[in-house]
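K.L.:
Structure below; questions to follow.
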């Protein structure tokens, strides 16, 4: 048997394990915990998208929380104002955030590094005030309430949801929906990274000058990466809106952008597999911190200390660790004569 | 649009803008000090400044005068900055830039959490550093407090400049920032120079915090978050690599924001920062390295 | 026989997975000028880096009777080794005067530093005229002179020179080597110079080593190496 076939078999095995885990995890945990896991799925999708941009193209974004806001508000506005069924708004939310991502990617044509970070930062800071300003569409400081204003469009409000003949609780539905989209997004990201576009992205990250002289259209590549990453953030934002059934300016603060970046770096930039750890990290750590003590400030202190500790122990994130662990295995599989 | 233009009001608003810009400038210089030597924006700089301000508040509560507390806090903050660098930054000295950035984000939560843990979250206030009387200059009334704030921030920045320009240690830390390898070969302990930079940055931040707090009726642990945003914007406007640029950028930003807030009604208070950031972006699109920065060398 | 000033014994050095020195041994006596020759990639620059501690190394390295095998670049500089690196390492943002002051960073006595500055500048009159100028505005030759002058401000016992002729006009190179010879002969400064230009290096040095893939292939007195037809053809290429 060729080592190539062995490699493929290994990948199929991993895929099967992931699929089985996806299908059966809700049976092992409580209803409430599936909802929390669905929350982690939102982070997962946004972080995979951010990783495409930051990990593979080297563009730092401090504004991905704002792109999630675009997605979340698109969903909420369509549901509340246009009476769309909530789940069908997801594609449109992705497209809307993708377009906005493309537009904020435009300064990337001229700016690089921290200056681009400032541009995205400006966007993240501006979004809450803009949302309040255009209150006709966004409901101002109150935000939009899916549950109160358009209860008929909220999937699973009656208690159960029936998908392909299986009926399940709303929380299980949210879990399957979020992680289902998460897995699809992951596979797409994986294909992008493996393919020609991924090679171009990495070339831009490693050296803009060298990439340009090899014929890579820098401007196009960067804005494309921004747009693609925006689609992920938009879908994540839409799912967040569907899960919490309300959007307001406080749902998408600068802190959210920061959490996404922390998740991506903890997961390991340039590694897609690590993103799942990054997502669980930012979803669960703030909660776990409150177990240490609920005294004022202590949870934040613990959360920050955990971030620092992870960075000191794993400077390249979980992904870097996985790569190091996997190397002997893959070397053995591929290099044995 | 504006029928009778009021020059007195313009002069007053410019001075008010310079006073806030001066406070931002001290924090912006702190950001630049660390950026220049490590290529990293320290997201915890504002929180460290807030922590310093709370130390000053405690000292005042224990009976020290504002200015005695001021000087003591600057010294404590310097030591604290050095200690933070040794404890959490030095271990990631050779890690990717973004790793260091995330460490400073972690530091943000740690310092903020610690401050709320140590000092209860109720609001408090610092005594006024300056007389609240107005003073007339050429027929226009200015607040002494604004003028004093401008003077103190410029003095702090000036002292720092003298240190870098005229002392051996200052020379060595400049050298270590621009060319660490060559500096090592003449015996400069580069790693300690980074710690020195963190110490000085923390001290500058302390000045910034202690000038921000008395101007407010009350303050809490979120004191420095907006200041950090403005300082970051000012530093980028001036060109991140240049301390002088950071000062000029912050002063310009202070005046700009204050004038926009005063004369463009549509903007109001909420949109001041976004509008200012948009202006900066416009500047950056024309001059990608900021007003004073030299274009970065691109390595192939 | 007196103990050598600098001694390397069985030194290895690596850049990541690539080994650049495979057990190299050499020595420099007090006041002696020694040249290290060899093709590109033979390990010449790495030899100097191993001495000053820029590259990770293993083996025995002693300087003035003390081991420096584990010393950092800062520490070797403080011990009295001045390294003028490849590409000069001038601090282009600082002025010429500041570069010189920085050279004396490890020294405490102000008066003698000021004296030294006068003495060093007497070797390089062109730098004296440009003290207030930013080093980045100097020509390549002037920058090389500044790097040399800055190294002297350390009051070193040993000078490590990496390719001082690189990219410079022949006249400037001749001037620099004249000064190096003068420092060696008049002030008794020990010099370890790495050079592509073998003729020049053999001219200024008393002894020389020829490296080949990280080891010493040939060593001997410079005058003899210069006349040795076989060495000249196979190693020095002229």
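The values are calculated or read from the model by the stated rules, or taken from the named source; none is laboratory data. Being a predicted model, the structure only gives us computed values, none of them experimental. Virtual Cβ from ideal backbone geometry, glycine too; neighbours counted across all protein chains shown.
K.L.:
Can you give me the number of residues within segment B:108-125 that are more than 7 Å from chain A (Cβ to nearest Cβ) and closer than 15 Å to residue B:43 by Cα?
P.N.:
Qualifying residue count for the region: 1.
K.L.:
Next question, about the same structure. Just to verify a result, which residue in segment C:53-73, among those that are in contact (Cβ under 8 Å) with a residue 60 or more places away in the chain and out of contact with any strand residue (DSSP E or B) (no Cβ under 7 Å at 6 or more places or on another chain), is nearest to the other protein chains (Cβ to nearest Cβ)?
P.N.:
Per the stated criteria, the residue is C:64.
K.L.:
Could you list, in sequence order, all residues of segment A:253-281 that are over 22 Å from residue A:124 (Cα atoms) and part of a loop (DSSP other than H, G, I, E, B)?
P.N.:
Matches in segment A:253-281: A:268, A:270, A:271, A:272, A:273, A:274.
K.L.:
Moving on to the next point. Which one of the conditions (1) surrounded by fewer than 21 Cβ atoms within 10 Å (Cβ to Cβ); (2) out of contact with any strand residue (DSSP E or B) (no Cβ under 7 Å at 6 or more places or on another chain); (3) more than 10 Å from chain A (Cβ to nearest Cβ) does residue B:73 fail to meet, given that it meets all the rest?
P.N.:
(1)
K.L.:
A follow-up question, please. Please list, ordered by residue number, the helices (runs of 4 or more DSSP H) wholly in segment B:162-216 having 3 or more residues that are within 10 Å of another protein chain (Cβ to nearest Cβ) and in contact (Cβ under 8 Å) with a residue 12 or more places away in the chain. Even if it seems obvious, please write down each step before you answer.
P.N.:
Details: elements: B:168-178, B:180-185, B:190-215.
Where helices (runs of 4 or more DSSP H) fall fully within segment B:162-216 and carry at least 3 residues being within 10 Å of another protein chain (Cβ to nearest Cβ) and in contact (Cβ under 8 Å) with a residue 12 or more places away in the chain, they are B:168-178.
K.L.:
Let me ask something else about it. In the list A:117, A:77, A:126, A:122, which residue meets the criterion of being buried (at least 17 other Cβ atoms within 10 Å of the Cβ), away from every other protein chain (no Cβ under 14 Å) and part of a helix (DSSP H, G or I)?
P.N.:
Working: A:117 fails: away from every other protein chain (no Cβ under 14 Å); A:126 fails: away from every other protein chain (no Cβ under 14 Å); A:122 fails: away from every other protein chain (no Cβ under 14 Å).
Answer to the check: A:77.
K.L.:
Need at least 2 residues that are surrounded by fewer than 22 Cβ atoms within 10 Å (Cβ to Cβ) and under 19 Å from the mean Cα position of the chain (by Cα) per element, so show me which strands (runs of 3 or more DSSP E) inside segment C:133-238 make the cut, counting only ones lying wholly within it. Write out each step before concluding.
P.N.:
On the way: elements: C:158-162, C:190-194, C:207-212, C:215-221.
Fully inside segment C:133-238 and qualifying: C:215-221.
K.L.:
Now a separate question. Every residue in segment A:142-153 that is within 26 Å of the chain's Cα centre (by Cα) and modelled with pLDDT of 75 or more, please.
P.N.:
A:142, A:143, A:144, A:145, A:146
K.L.:
Of the residues A:65, A:55, A:98, A:49, only one is within 14 Å of chain B (Cβ to nearest Cβ), over 24 Å from residue B:35 (Cα atoms) and in contact (Cβ under 8 Å) with a residue 24 or more places away in the chain; which?
P.N.:
A:65
K.L.:
Just to be sure, is residue B:172 closer than 30 Å to residue C:87 by Cβ and modelled with pLDDT of 90 or more?
P.N.:
Yes; evaluated as a whole, the condition is true for this residue.
K.L.:
Just wondering, is there one or more residues in segment B:86-107 that are out of contact with any helix residue (DSSP H, G or I) (no Cβ under 7 Å at 6 or more places or on another chain), touching a residue at least 12 places away in the same chain (Cβ under 8 Å), away from every other protein chain (no Cβ under 13 Å) and surrounded by fewer than 18 Cβ atoms within 10 Å (Cβ to Cβ)?
P.N.:
no
K.L.:
Identify the single condition in (1) under 24 Å from residue C:186 (Cα atoms); (2) within 14 Å of chain B (Cβ to nearest Cβ) that residue C:35 does not satisfy, given that it satisfies every other one.
P.N.:
Of the numbered conditions (1) under 24 Å from residue C:186 (Cα atoms); (2) within 14 Å of chain B (Cβ to nearest Cβ), the odd one out for residue C:35 is (2).
K.L.:
Picking from C:51, C:34, which residue would you name as being assigned to a strand (DSSP E or B) and buried (at least 18 other Cβ atoms within 10 Å of the Cβ)? Before the answer, list the steps.
P.N.:
Details: C:51 fails: assigned to a strand (DSSP E or B).
Exactly one residue qualifies, and that residue is C:34.
K.L.:
Could you check segment C:74-83 and list, in sequence order, the residues that are at the interface with chain B (Cβ under 8 Å from one of its Cβ atoms) and in contact with a strand residue (DSSP E or B) (Cβ under 7 Å, 6 or more places away or on another chain)?
P.N.:
Within segment C:74-83, C:82, C:83 qualify.
K.L.:
To continue, here is another question. Filter segment A:140-167 down to the residues that are in contact (Cβ under 8 Å) with a residue 60 or more places away in the chain, in contact with a helix residue (DSSP H, G or I) (Cβ under 8 Å, 6 or more places away or on another chain) and either closer than 16 Å to residue A:84 by Cβ or buried (at least 18 other Cβ atoms within 10 Å of the Cβ) (or both) and list them by number.
P.N.:
A:143, A:144, A:145, A:146, A:149, A:150, A:153, A:154, A:155
K.L.:
Taking segment A:282-306, which residues are in a loop (DSSP other than H, G, I, E, B) and either within 10 Å of chain B (Cβ to nearest Cβ) or on the phi > 0 side of the Ramachandran plot (or both)?
P.N.:
Once the filter is applied, which keeps residues that are in a loop (DSSP other than H, G, I, E, B) and either within 10 Å of chain B (Cβ to nearest Cβ) or on the phi > 0 side of the Ramachandran plot (or both), segment A:282-306 yields A:293, A:295, A:296, A:297.
K.L.:
Conditions first: (1) in a helix (DSSP H, G or I); (2) within 12 Å of another protein chain (Cβ to nearest Cβ). Residue A:147 passes all but one, so which condition is the exception?
P.N.:
(2)
K.L.:
Here's a follow-up. If you check B:137, B:178, which single one turns out to be exposed (fewer than 13 other Cβ atoms within 10 Å of the Cβ), more than 30 Å from residue A:297 (Cβ to Cβ) and at pLDDT below 90? Quick ask: steps written out before the conclusion?
P.N.:
Details: B:178 fails: exposed (fewer than 13 other Cβ atoms within 10 Å of the Cβ).
Result: B:137 is the single residue among B:137, B:178 that is exposed (fewer than 13 other Cβ atoms within 10 Å of the Cβ), more than 30 Å from residue A:297 (Cβ to Cβ) and at pLDDT below 90.
K.L.:
Of all residues in segment A:181-218 being loosely packed, with under 14 Cβ neighbours inside 10 Å and within 14 Å of another protein chain (Cβ to nearest Cβ), which is nearest to residue A:54 (Cα to Cα)?
P.N.:
The residue in question is A:206.
K.L.:
Of A:229, A:271, A:251, A:257, which residue is under 30 Å from residue A:81 (Cβ atoms), within 14 Å of chain B (Cβ to nearest Cβ) and buried (at least 18 other Cβ atoms within 10 Å of the Cβ)?
P.N.:
The conditions single out A:257.
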